[in-house]
1. Search the stretch 251-267 for residues that are without any contact (Cβ under 8 Å) to a residue 24 or more places away in the chain and over 21 Å from A122 (Cα atoms) and pair each with any residue that is open to solvent by less than 50 Å² (accessible area, probe 1.4 Å) and assigned to a strand (DSSP E or B) when their beta-carbon atoms are under 8 Å apart and the residues are at least 6 apart or on different chains.
2. Among P64, P96, P86, P59, which is in contact (Cβ under 8 Å) with a residue 12 or more places away in the chain and more than 28 Å from V257 (Cβ to Cβ)?
3. What number of residues within the stretch 122-148 are crowded, with 24+ Cβ neighbours inside 10 Å, in contact with a helix residue (DSSP H, G or I) (Cβ under 8 Å, 6 or more places away or on another chain) and part of a strand (DSSP E or B)?
4. Filter the stretch 139-168 down to the residues that are under 20 Å from L31 (Cβ atoms) and among the small types (G, A, S), then identify the one that is nearest to the chain's Cα centre (by Cα).
5. From the list G266, G255, G237, G243, which one is crowded, with 19+ Cβ neighbours inside 10 Å and more than 18 Å from the chain's Cα centre (by Cα)?
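The values are calculated or read from the model by the stated rules, or taken from the named source; none is laboratory data. Computed from a predicted model, the values in this text were never measured in an experiment. We place every Cβ from the backbone using ideal geometry, glycine too, and count neighbours over all the protein chains shown. These area figures cover heavy atoms from the full protein model, side chains too; ligands, DNA and RNA do not enter into them. Shrake-Rupley method; radii C 1.70, N 1.55, O 1.52, S 1.80 Å.
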Amino acid sequence: MKLATIRTADGATRAVRVEGETLVDLGLADLGELLARPDWAEHAARTEGPAVESAGYAPVVPRPGKIICVGLNYRNHILEMGRELPQYPTLFAKYPEALVGAYDEIRLPPESEEVDWEAELAIVIGRTVRRAGEADAAAAIAGFAVLNDVTMRDWQYRSPMWLQGKTWEGSTPFGPYLVTPDELDGGSRPSLTLTGSVDGEVVQQADTSDLVFDPVALVRYISTILTLSPGDVIASGTPGGVGHARKPARYLADGSVLATEITGLGRSEVKAVAEPVA
């Protein structure tokens, strides 16, 4: 299934099943509310609600309880950043205020001059797990979506802790929709190609086979630390080709169009807009 949270003309949001050009109303406000149901998959599959008109895609899960991000998880990106392959995942957090829809604008804050792109595969959790084994970790994955972990590099590297460069408000496109593992080659360890482009130029392209820690391994590792709950999101890391590693470095500018596409998961395309100086 393809599932999404859409905005409606009255300013509300709705959880929908995407069937080609038709959006089937699932009777719930968003995918966070859907995934909180133990029977979410059955409800999403069997519901025959009315078709609804979309006023745009909201973030797949508008307000996840947790957004856990993984740094340095593609071999080619690790090498371009001059680091060794990690023994354990590098984790940091992002907050819901950072999320925008797949076709919204992203904000370029006046405080940063080094806004970079990071195309990523997002993992969305569909059941509660703690200290998950292999089978439970795979079963906990509700599906996958497109995400771009837009990063303010000058703030990221102000200190050894990355969070302050990673969670700027209105910076992170997430969507357009979630695709369940049964729709993808490889299931919970899908074989997918990520492509990121800026103003029509491909700047990132890689296959998920280059991941150091795959989605199931990430769910196992993170659920050892804390309980993962329905609607939580794991951003699984970015491949090589980021602007910061280029010589000379390259960053997003006012008017830049950032597109992120993953085979089978759709495409987001957002325009970068400079925020006015207060």
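1. G255/A272; G255/V273
2. P86
3. Residues in the stretch 122-148 being crowded, with 24+ Cβ neighbours inside 10 Å, in contact with a helix residue (DSSP H, G or I) (Cβ under 8 Å, 6 or more places away or on another chain) and part of a strand (DSSP E or B): 7 in total.
4. A145
5. G243
Yes/no per residue for (1) basic (K, R); (2) part of a loop (DSSP other than H, G, I, E, B); (3) more than 20 Å from Y103 (Cβ to Cβ); (4) touching a helix residue (DSSP H, G or I) at 6+ places or on another chain (Cβ under 6 Å):
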residue: V202; (1), (2), (3), (4): no, no, no, no
residue: V219; (1), (2), (3), (4): no, no, yes, yes
residue: Y251; (1), (2), (3), (4): no, yes, yes, yes
residue: G264; (1), (2), (3), (4): no, yes, no, no
